[in-house]
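The values are calculated or read from the model by the stated rules, or taken from the named source; none is laboratory data. Keep in mind that what you see is a predicted model, and the values were worked out from it rather than measured. No Cβ is skipped: glycine too gets one built from the backbone with ideal geometry, and neighbour counts run over all protein chains shown. Remember, those area values only see protein heavy atoms, side chains included, never the ligands or the DNA or RNA. Shrake-Rupley method; radii C 1.70, N 1.55, O 1.52, S 1.80 Å.
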Number of protein chains: 2
Amino acid sequence: MISQDSTLFGVILAGGSGTRFWPLSRSQYPKQVLHLLGSDSMLQATINRLLPLIPLEQMAVVTNAFQEQAIRLELYHKGWEGVQLWLEPQGKNTAAAVGLAATRLQTQPEYIMSVFPADHHIQDQAGLLSALETGARLAHAGYLVTFGILPTRPETGYGYIKAGVPLNAEKNSLVCARFVEKPDLERAQSFMREGNYYWNSGMFMFRVDAILQALARYVPTLHRGLMLLAENDQPALLEEVYQTFPNLSLDHGVLEQAENVAVVPVDLGWSDVGTWRAVQELFPADDRGNVILGRACDRDSGDCLIYSQERLVATLGLKQVIVVDTPDATLVCHRDRVQEVKDLVAELNQQNCVETREHRTVVRPWGQYTVMDEGLGYKVKQIVVEPGKRLSLQLHHHRAEHWVVVQGTAQVTIGCECKPVAANESVFVPPKTPHRLENLTSEPLRIIEIQTGTYLEEDDIVRLADDFWRSASDTTPQQNLKH
Amino acid sequence: MISQDSTLFGVILAGGSGTRFWPLSRSQYPKQVLHLLGSDSMLQATINRLLPLIPLEQMAVVTNAFQEQAIRLELYHKGWEGVQLWLEPQGKNTAAAVGLAATRLQTQPEYIMSVFPADHHIQDQAGLLSALETGARLAHAGYLVTFGILPTRPETGYGYIKAGVPLNAEKNSLVCARFVEKPDLERAQSFMREGNYYWNSGMFMFRVDAILQALARYVPTLHRGLMLLAENDQPALLEEVYQTFPNLSLDHGVLEQAENVAVVPVDLGWSDVGTWRAVQELFPADDRGNVILGRACDRDSGDCLIYSQERLVATLGLKQVIVVDTPDATLVCHRDRVQEVKDLVAELNQQNCVETREHRTVVRPWGQYTVMDEGLGYKVKQIVVEPGKRLSLQLHHHRAEHWVVVQGTAQVTIGCECKPVAANESVFVPPKTPHRLENLTSEPLRIIEIQTGTYLEEDDIVRLADDFWRSASDTTPQQNLKH
């Protein structure tokens, strides 16, 4: 019987930018918030798996400022505002992220930090929880604990952990002999034959004091910087100190050199979901090996992944091709080249393509908007406000807005006037005028907004009051999450 | 020196539905009106090539009612309203189409009908005109003239003409020995070796009386029906009689059996542009054999055609793949399977996909509109009215319209009121109210129209007056083309 353990503290590492999942992922909508494998996002699924063992109040997500809004929204949609958000000023790999978390927890040196990537898939939750209980006991005893996935194929895309002799402390645990970088196929095959090699899952457990000691010993520059930050919680200092941090992973930077490292072998239906090809492998295929998701029509293709969010995609006679379609961009890629999607995105970034940064549909805590059309001097949005929600009281310096209600009833504030606006009615919001859009009903409210003006970017907004965490006057967003 | 010949009459066959070019072609936007190979559509280019020899007033386009609007618009945009439009009630292949044209011309039995498919590509216009002059002399002398393209490869996708002995009447002309259906590769190779085989171009020339005599002799049922129609020009009869017509091509139904058939060999840089692959071959390729048109970013693909109208398409490591992207649908297809695009479209039709019927952007004589968004009870369009143009005076029974001007100035009539509406202003058009949108300025007018109501289809329109050929009260559209 699993029960929550008050000394366990979950640390979710959610700093990845996930360019490998373009065009579904964007720089402002990274892999960890994608709802790729079901109704939950990767991040939500990660937290969900841990809940039987770790209460929400004992969890934190480590991410960076650029992805803060997307992560916060995923937590908000689950009612998980109790989860803490620890922001790095820039991504510096896992040693820094885990170090920052350990520093935040150093007043509880006996806490067991349980570190999880936010963007992996694990099929066997019960197996995971059982392994974590084993891990917790080892961590209590002072071990730095890793989890090794039983390899099912000579995979060259993962790092490996070589296990040594069994530990006396716990059955089903071994000494960690060493970490091995991604091998070539021949070495991977020899690892399979030898049998004492495991995939490095990137999940770890250790006492706060144990990992801080290890950091002090093996990455002293990082440790010194972290201690400085612990004494002086200034954003400017955080930024300055982070620039000095080495770009190091925890396993190679710290655990590889430590002596008290244990490995718990596990078989959990694990995948790091690293590429579109990995996504293909997680779905059942049809007779010809195709995975077809969304509005697609195929004729006689084989071993393909066809994924369409909304639009019609028709495919004919393809072999081993991956097609991913979003409303504003389409990727067509040979299956063996998925690793290069990140290079393709780098090229698109160089061409300053907006399609690498944001989606046409942007989710907000009050609902969502979709950019339907834009041109010189105007922009058209479809805006959906969920029942009972309202946008911030705001004004724009440079643009006017025409609102036409097409579904539901809006409660509209413009200047000093507040009135209901029903479907098929419209209102005009002049520039520099405080206004608010609100849905007091129990049905969704849908409006078409036509912005006109010479400057139409999202940053022309002054939030005078907000129900969420976004008001300009509010510097402690966490407290403002619920009204 | 080429000069127009008053006995020549150009007959352009433009009845094809062009499903092979989906998603660029749609049932309401067939191949002949596609602007695939330059700024002119296939139809416009076909007419343009003939103009040095045949005046506009001596040309007719034969098409069917379903494609009338699209064809008429192509002529209108060129100022070619003088070209006649002869409508078949249904497509019955080329024998019926040519027969209908001959019937319309039977009061001028000495006219030379010059028959051209509307959707082929010819690079060498001068060579074509010169060949037509040769053909005209042969036709005057009573021959049924075909044009045989000098084959450059053992193509299995075309029919062939086998030439016999040279004709005495004209140098560079031969007796046509027989027509050969599309051969297999072995036969096509033997044709190349023998040297007296030509590709059947589908272009013909003959006197009106000569082709009518041939039709009477070889397809008497068709000829009898045509004579009936010549005596009695009723639309209902036309429809009834057409149903009895055999589905026959002119070459196989008539010319194959006739004795006085000549072939003029030509080498014109000709292509029937039958598939996306043929399009690929008409554009210069890059180092790796790719033709990339539009907003596409490729990384290391080879022998591909990537065509994007507007959206971003990114491709990676593809071989021999064709990608065609339109705002609402994408085709991804192996290059060797392009012939099956029509079967794919048949499947999509069975699924009742709107994407086989029309584009999101629809061109009108006054400008164009684009459907940006639609949902239950509403539709959003961007409408562009060209300078000096206006839409019809119209009303809708079931929908209201909100118009927001985003560029230029509109002259708006609603009921009895007529007023200018400037950029950033809006007006409301209630249901059942006569209204008109007009651009009196010399700049384009752009508005966003939000329709609301329970029925939002295009057929909820009563045209009270129209500058074009579309007013309900007007049954002679041709005369109404210009105000």
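Here A:V98 clears all of (1) free of Cβ contacts under 8 Å to residues at least 24 places away in the same chain; (2) farther than 28 Å from A:Q368 by Cβ except the condition numbered (1).
Exactly one residue out of B:I71, B:I54, B:I12 is closer than 29 Å to B:P220 by Cβ and out of contact with any His (no Cβ under 6 Å at 6 or more places or on another chain), and it is B:I12. Only one entry of B:F116, B:F66 meets the criterion of being hydrophobic (A, V, I, L, M, F, W, C) and modelled with pLDDT under 95, and that entry is B:F66. Of the residues in region B:272-293, how many are at pLDDT 95 or above and among the small types (G, A, S)? Within region B:272-293, residues that are at pLDDT 95 or above and among the small types (G, A, S) number 2. Is it the case, given these coordinates, that B:R224 is within 14 Å of chain A (Cβ to nearest Cβ) and open to solvent by 60 Å² or more (accessible area, probe 1.4 Å)? Taking the combined requirement at face value, the residue does not satisfy it. Of these, A:G127, A:G79, A:G91, which one is at positive phi and either more than 12 Å from the chain's Cα centre (by Cα) or open to solvent by less than 30 Å² (accessible area, probe 1.4 Å) (or both)? After applying the criteria, what remains is A:G79. When region B:233-246 is filtered for residues that are in a helix (DSSP H, G or I) and under 18 Å from B:T94 (Cα atoms), the ones remaining, listed by number, are B:L238, B:E239, B:V241, B:Y242, B:Q243, B:T244. When you scan region B:14-33, do you find a residue that is farther than 30 Å from A:A314 by Cβ, surrounded by 17 or more Cβ atoms within 10 Å (Cβ to Cβ), touching a strand residue (DSSP E or B) at 6+ places or on another chain (Cβ under 8 Å) and at pLDDT 95 or above, even just one? Scanning region B:14-33, I find no residue that is farther than 30 Å from A:A314 by Cβ, surrounded by 17 or more Cβ atoms within 10 Å (Cβ to Cβ), touching a strand residue (DSSP E or B) at 6+ places or on another chain (Cβ under 8 Å) and at pLDDT 95 or above, so the answer is no. Given the structure, is A:V385 modelled with pLDDT of 95 or more, open to solvent by less than 20 Å² (accessible area, probe 1.4 Å) and under 33 Å from the mean Cα position of the chain (by Cα)? For A:V385, the condition - modelled with pLDDT of 95 or more, open to solvent by less than 20 Å² (accessible area, probe 1.4 Å) and under 33 Å from the mean Cα position of the chain (by Cα) - is met. Residues that are open to solvent by 80 Å² or more (accessible area, probe 1.4 Å) and part of a strand (DSSP E or B) were ranked within region A:145-192; the one that is nearest to A:R277 (Cα to Cα) is A:R178. Just one residue in the set A:G142, A:G195 is surrounded by fewer than 21 Cβ atoms within 10 Å (Cβ to Cβ), at positive phi and touching a residue at least 12 places away in the same chain (Cβ under 8 Å); that residue is A:G142. Among residues of region B:354-375 that are under 13 Å from B:L391 (Cβ atoms) and within 13 Å of chain A (Cβ to nearest Cβ), those with a beta-carbon under 7 Å from a residue that is polar (S, T, N, Q) and open to solvent by less than 30 Å² (accessible area, probe 1.4 Å) at least six positions away or on a different chain give the pairs B:Y369/B:Q382. Could you please let me know if A:A230 is over 25 Å from A:G148 (Cα atoms) and either assigned to a helix (DSSP H, G or I) or in contact (Cβ under 8 Å) with a residue 40 or more places away in the chain (or both)? Judged against the criteria, A:A230 is a match. If the condition is being part of a helix (DSSP H, G or I) and not aliphatic (A, V, I, L, M), then region B:206-227 contributes B:D209, B:Q213, B:R217, B:Y218, B:P220, B:T221, B:H223, B:R224, B:G225. Each residue in region A:5-42 was checked for being among the acidic types (D, E) and within 14 Å of chain B (Cβ to nearest Cβ), and 0 pass.
The set of residues in region B:296-334 being open to solvent by 40 Å² or more (accessible area, probe 1.4 Å), at pLDDT 95 or above and more than 8 Å from chain A (Cβ to nearest Cβ) consists of B:D303, B:Q320. Residue pairs whose Cβ atoms lie under 8 Å apart, sitting 6 or more positions apart in sequence or on different chains, and linking a residue in region B:286-298 that is free of Cβ contacts under 8 Å to residues at least 24 places away in the same chain to a partner that is part of a strand (DSSP E or B) and open to solvent by 60 Å² or more (accessible area, probe 1.4 Å), are B:D286/B:I292; B:R295/B:E310; B:D298/B:I292.
Within region B:356-370, take every residue that is farther than 16 Å from B:V33 by Cβ and surrounded by fewer than 19 Cβ atoms within 10 Å (Cβ to Cβ) and give me the one that is nearest to the chain's Cα centre (by Cα). Among them, the one singled out is B:R360.
Restricting attention to region A:86-113, report how many residues are closer than 14 Å to A:T244 by Cβ, of a type outside the set (K, R) and assigned to a loop (DSSP other than H, G, I, E, B). Total satisfying the criteria: 2.
Condition check ((1) out of contact with any Gly (no Cβ under 9 Å at 6 or more places or on another chain); (2) within 12 Å of chain B (Cβ to nearest Cβ); (3) not hydroxyl-bearing (S, T, Y)) across all residues:
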site	(1), (2), (3)
A:L212	no, no, yes
A:L248	yes, no, yes
A:A262	no, no, yes
A:V273	yes, no, yes
A:W276	yes, yes, yes
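Name the residues in region B:232-290 that are open to solvent by less than 70 Å² (accessible area, probe 1.4 Å), over 23 Å from the mean Cα position of the chain (by Cα) and among the acidic types (D, E), would you? Correct list: B:D286 only. From the list A:E374, A:E340, the one residue that fits, being buried (at least 18 other Cβ atoms within 10 Å of the Cβ) and not hydroxyl-bearing (S, T, Y), is A:E340.
Please tell me if A:E68 is within 16 Å of the chain's Cα centre (by Cα) and charged (D, E, K, R). Criteria met by A:E68. So, in region A:421-451, of the ones that are in a strand (DSSP E or B) and more than 14 Å from chain B (Cβ to nearest Cβ), which residue ends up surrounded by the most Cβ atoms within 10 Å (Cβ to Cβ)? The residue in question is A:L437. Inspection of region B:449-465 identifies no residue that is among the hydrophobic types (A, V, I, L, M, F, W, C), modelled with pLDDT of 95 or more and under 30 Å from the mean Cα position of the chain (by Cα).
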